[in-house]
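Student: Before we start, here is the structure in question, set down as structure tokens.
The values are calculated or read from the model by the stated rules, or taken from the named source; none is laboratory data. What you are looking at is a predicted structure, and each value in this text was computed from that prediction instead of being measured. With ideal geometry, Cβ positions are generated from the backbone for all residues, glycine too; neighbour counts draw on all protein chains shown.
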Amino acid sequence: MKQTIQRQAIVKYMKSVRSHPTAEQVYDALKRDYPSMTLATVYRNLNTLADLGIVLRFKVNNKYHFDGFNDLHVHFYCESCERIFDIEYDGLEDDLKAITKKLEKQGKSVNEYQIVFYGICENCKKQTKNMR
């Protein structure tokens, strides 16, 4: 894979944020420092990086989000503030292996998986409670 300055900037940015940005948000963050970068370049590079496993790509509310931290974890989407949170727990790897093994015994082949929980985060719950 050719390491262009723009691709390096995208990877560096993705490894520096935990906000799970869309391609548009990555573009907005980088366009001032890289004025020749286009939104199409950001989309193309993020998708290539996702295909190579360098970043994660997942869909929430019909929008693709990207995560520069591709360690094993799941996501929580707050339906109120629309933030995405990383959720980690110790048994995740064992649980996913068990589910994958069960599916394979049924003749299914798992290529990838994405887990996103939907709900209301603790801050939004507090704000709602305080409004009452």
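Student: Every residue in the stretch 97-132 that is free of Cβ contacts under 8 Å to residues at least 24 places away in the same chain and not in a helix (DSSP H, G or I), please.
Tutor: Of everything in the stretch 97-132, those that are free of Cβ contacts under 8 Å to residues at least 24 places away in the same chain and not in a helix (DSSP H, G or I) turn out to be Gln106, Gly107, Lys108, Ser109, Val110, Asn111, Glu112, Tyr113, Arg132.
Student: Being out of contact with any Lys or Arg (no Cβ under 8 Å at 6 or more places or on another chain), at pLDDT below 95, part of a helix (DSSP H, G or I) and loosely packed, with under 14 Cβ neighbours inside 10 Å, is that true of even one residue in the stretch 39-61?
Tutor: There is at least one residue in the stretch 39-61 that is out of contact with any Lys or Arg (no Cβ under 8 Å at 6 or more places or on another chain), at pLDDT below 95, part of a helix (DSSP H, G or I) and loosely packed, with under 14 Cβ neighbours inside 10 Å.
Student: When the stretch 82-132 is examined, which residues are found to be more than 18 Å from Phe58 (Cβ to Cβ), exposed (fewer than 13 other Cβ atoms within 10 Å of the Cβ) and touching a Cys at 6+ places or on another chain (Cβ under 8 Å)?
Tutor: Asn123
Student: A follow-up question, please. Evaluate the stretch 73-84: report whether one residue or more is part of a helix (DSSP H, G or I) and of a type in the set (A, V, I, L, M).
Tutor: Looking for residues that are part of a helix (DSSP H, G or I) and of a type in the set (A, V, I, L, M), one finds none in the stretch 73-84, hence no.
Student: If I go through the stretch 62-81 residue by residue, how many of them are within 13 Å of Gln114 (Cα to Cα) and exposed (fewer than 13 other Cβ atoms within 10 Å of the Cβ)?
Tutor: 2
Student: May I pose another question? Only one residue in Phe76, Phe66 is out of contact with any His (no Cβ under 6 Å at 6 or more places or on another chain) and farther than 29 Å from Gln3 by Cα, so which one is that?
Tutor: Phe76
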